[in-house]
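**Q** Handing you a structure now.
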C-alpha cells in the first residue's frame, strides 16, 4: 500500500520536535508531500530536508495548498487562536485532519470543531498526546484491572516554570504563548494535558471547585491553580498546576492515586517508571517509554484511515478536556462549584 500523503500547516516547534520525529518512524505509512508556513524560508528549509520540490510543494497560504488533490491528510499545527478557523477551512476540502489541542480557543469554537467530521464527512483526530501516552494508558489499565483495589483519591501536581523557559529555545519562547489571544493562557495550552490524562484514567467529571493566585504576567492569568475534582465514578482528588515557579525537591509530587489496597505513583511523564505500592509492603515497578504519545496517535490515525481501528481521541472526547479548563476558569472567577460533564440519569438513582 502506498504511504498516505500529508500536507503540513505550520512548520514551527510542534512540527519540528513532536510530529516530525513520529512521522519519521512511520515513513512507510505516511509521506510528507507539502509544507505550508507563513515564513516561506522556514517552509523551504523543511522542503529541502524532506526532498520536496521548492516550487510545487512549498506554500505560505494553506488555502492554496489544500487545493492539491493528491493530499489525503492535513496536519494542523498553528497558534491556538487559529486552530478552529484553520480546521474549518480545511474541513471544507473533505481531507482528513490531524488537529492539535485544544481544538478551539473558546468553548464555542471547540463545540463547532466537534461538528466538523459530521458536517463535512471527514475523519479528524485531536492530537492530545497524553491520551495516547504509554504511561497514562498503563495507569488506566491498572485502575480498570483493580491492581491495587478500587481507586479512592488522588493528588496530581505539575510545575512548569514558564518564566524560566521564556529565555530558552522552548515552546515558552514563542510570542503567541507569552501574550496569548485566548482565555486561560498556559492553562489552556499546557495544563490541559494533565487534565486530559486524569480524564483518560477516571472518565467524566461530575463537578469541580477551583482557586487561583492572580498574576499580571500575560502567559497565564494565574501564577498557580488548585482544583478539587469529583469524578462521575466517585473518585475524588486534587489537581494543582504551578506555571510560575519551580519544584526543586525530588522526587516530585507527581500523580499519586490512593486505592483500597495500595497506591500508584507516577513522578513525571519522563521518568520511565510507574511505581505500584501495596499495603502489605510489596512494590512493583512498571516500565514505560516516555514521549510515545505522538507516535501512537499517528499510528492510530493511520489504522483508522485504512479501516483497521477507530480513532481513539475524537473531537467529542477533546471537548470534555476543553470544558474542564473553562470550568476551572469559571469556578475561580465565580468562587463557585461548577458542573462539568452531564451525569447520566441512571447515575442519580
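Just so it is clear, none of the values below were taken in a lab; they were calculated from the coordinates. Only a predicted model underlies this, so the values are computations on that prediction, with no experimental measurement involved. No Cβ is skipped: glycine too gets one built from the backbone with ideal geometry, and neighbour counts run over all protein chains shown.
**Q** Highest first, please rank the peptides 279-287, 94-102, 215-223 by the mean number of other Cβ atoms sitting within 10 Å of their residues.
**A** 94-102, 215-223, 279-287
**Q** Another question about this same structure. Give me the one-decimal nm value for the distance between modelled label points at residue 304 and residue 16, 7 Å along each residue's Cα-to-Cβ direction.
**A** 2.8
**Q** Let me ask another. In 5 Å bins starting at 0, how do the alpha-carbon pair distances of region 220-302 split up by percent?
**A** With a bin width of 5 Å, the distribution comes to 3, 11, 15, 17, 19, 20, 11, 4, 1.
**Q** Can I ask one more? Sequence gap at least 6, Cα distance under 8 Å: using those rules, report the relative contact order of region 151-272 to the nearest whole percent.
**A** 36 percent.
**Q** What number results when the radius of gyration of region 164-211, computed over Cα atoms, is divided by 2.2 N^0.38 Å?
**A** 1.44
**Q** So how long is each side of the chain along the principal axes, counting just the alpha-carbon atoms, biggest first, in Å?
**A** Principal-axis extents of the chain (Cα, largest first): 64, 47, 44 Å.
**Q** Using the 10 angstrom Cβ neighbour count as an exposure proxy, how do 93, 304 rank, fewest first?
**A** The most exposed by this proxy come first: 304, 93.
**Q** Report the relative contact order of the chain, percent, no decimals, based on alpha-carbon pairs under 8 angstrom and at least 6 residues apart.
**A** 18
**Q** Cut-off is 10 Å between beta-carbons; in what order do 140, 63 appear when sorted fewest neighbours first?
**A** By the 10 Å Cβ count, ascending: 63, 140.
**Q** Right, next: Enumerate the whole-percent occupancy of each 10 Å bin, from 0 to the last occupied one, for all C-alpha pair distances of region 90-218.
**A** Pair shares across the bins are 10, 31, 34, 21, 4.
**Q** Set the Förster radius R0 to 30 Å, insert the Cβ-Cβ distance between residue 248 and residue 146 as r into 1/(1 + (r/R0)^6), and round the FRET efficiency to 0.05.
**A** About 0.25, to the nearest 0.05.
**Q** Along the three principal axes, how long is region 207-258 when you take its alpha carbons, biggest first, rounded to the nearest angstrom?
**A** Principal extents (Cα only, largest first): 37, 29, 12 Å.
**Q** What distance in nm lies between label points placed 7 Å from Cα along the C-beta direction at residue 81 and residue 5?
**A** Between residue 81 and residue 5, the simple spin-label model gives 3.4 nm.
**Q** If you bin every alpha carbon distance in region 1-80 into 10 Å steps from zero, what whole percent lands in each bin?
**A** 20, 58, 21, 0
**Q** When the helices in the chain are scored as -39500 (n - 2.57) per DSSP H run of 4 or longer and the sum is shared across all residues, what 222 nm value do you end up with, to the nearest 500 deg cm²/dmol?
**A** Taking each H run of at least 4 residues, the total per residue is -9000 deg cm²/dmol.
**Q** Residue 119 versus residue 342, label points 7 Å from Cα toward the beta carbon: distance in nm?
**A** 2.0
**Q** For region 192-349, report the % of Cα-Cα distances exceeding 29 Å.
**A** Of the Cα pairs, 30 percent sit more than 29 Å apart.
**Q** On a full-extension model of 0.36 nm per residue, what is the gain between residue 70 and residue 40, subtracting their alpha-carbon distance, rounded to one decimal in nm?
**A** In short, 8.7 nm is gained.
**Q** Taking only C-alpha pairs under 8 Å that are 6+ residues apart, what is the relative contact order of region 41-164 in percent?
**A** 16
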